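Taking it in order: structure first as structure tokens, then the write-up.
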Amino acid sequence: MRRHGTNKALWLTAAFLMALSLIVMYALGPRFAHFENKANDFYFSKQLIFTAIAIPALLIMGFSKKIYDLLAKFDRLPLVLLLGSAFACLLLVILKNFNTPFVQCYDGACRAFSIPAIGSVQPAELFKLALIIWLPGYLSNKAKKGELNDHFALLPPLVVLMAFVVFVIALGMSDLGSTVVIVMIIAGMMLVA
């Protein structure tokens with residue numbers, strides 16, 4: 001039985017990425033805030049708040065076996081997150097044609113919802129996170145059943161996923177960057193599996 005423990009390299013990587021995000025927001029935030037008529041420290045403050053929320057969350061998840069075991073029981077939760085974020089992407093593509101105030105469009109690309117008091121939420125980012133949570137579980141279940149090399153058992157959900165990514169995120173949302181990242185996530189996990 002595998003002992004639940006922490007990985008020092010993972011902690012160092014998370015700390016490095018958090019520090020880097022704060023440095024980038026400190027350096028570039030005032031420039032973007034100026035164009036949007038916001039305070040110079042608006043983006044840095046927002047990033048600092050999210051970092052302050054993330055650090056205790058990481059510590060709790062990293063050192064609490066009870067929470068880890070509780071989340072392991074909800075094996076359908078990643079699939080619900082994946083489908084929910086996919087629905088949000090579809091909704092964004094549909095609503096962009098109605099000029100609603102909740103959809104943010106820049107240069108013909110509609111990639112985010114504008115939610116008062118929260119800011120902008122990009123469904124493609126939620127989709128990436130849900131995919132990273134769901135796909136390893138899906139691949140490990142196929143490996144346990146011995147279906148990892150059976151293309152007819154393994155590929156249909158992934159083909160539907162790729163079709164969704166191409167038609168909704170790449171073409172509908174005009175977000176080629178997210179499309180490339182999602183394809184690389186899927187390809188990388190398939191290669192490792």
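Exactly one residue out of Gly146, Gly119, Gly177 is more than 22 Å from Leu77 (Cβ to Cβ) and within 14 Å of the chain's Cα centre (by Cα): that is Gly177. Checking each residue in segment 120-144 for being over 15 Å from Leu91 (Cβ atoms) and open to solvent by less than 20 Å² (accessible area, probe 1.4 Å) picks out Ala130, Leu131, Leu135, Leu139.
Any chance segment 102-112 includes a residue that's assigned to a loop (DSSP other than H, G, I, E, B) and touching a helix residue (DSSP H, G or I) at 6+ places or on another chain (Cβ under 9 Å)?
To start, the set of residues in segment 102-112 that are assigned to a loop (DSSP other than H, G, I, E, B) comprises 102, 107-108.
Remaining after also requiring touching a helix residue (DSSP H, G or I) at 6+ places or on another chain (Cβ under 9 Å): 102.
Yes, because at least one residue in segment 102-112 is assigned to a loop (DSSP other than H, G, I, E, B) and touching a helix residue (DSSP H, G or I) at 6+ places or on another chain (Cβ under 9 Å).
Between a residue in segment 1-29 that is modelled with pLDDT of 90 or more and among the β-branched types (Val, Ile, Thr) and any residue that is part of a loop (DSSP other than H, G, I, E, B) and surrounded by fewer than 10 Cβ atoms within 10 Å (Cβ to Cβ), which pairs come within a Cβ distance under 9 Å, given they are 6 or more apart or on different chains? From segment 1-29, no pairs qualify.
Every condition in (1) loosely packed, with under 12 Cβ neighbours inside 10 Å; (2) closer than 19 Å to Leu129 by Cα; (3) modelled with pLDDT of 85 or more is met by Ile55 except one, and the failing one is (1).
The values are calculated or read from the model by the stated rules, or taken from the named source; none is laboratory data. These figures come from a predicted structure and were not determined experimentally. In this analysis, Cβ positions are derived from the backbone assuming ideal geometry, glycine residues included, and neighbour counts consider all displayed protein chains. Ligands, DNA and RNA are stripped out before the accessible areas are found, and what is left, the full protein with its side chains, is counted by its heavy atoms. Shrake-Rupley method; radii C 1.70, N 1.55, O 1.52, S 1.80 Å.
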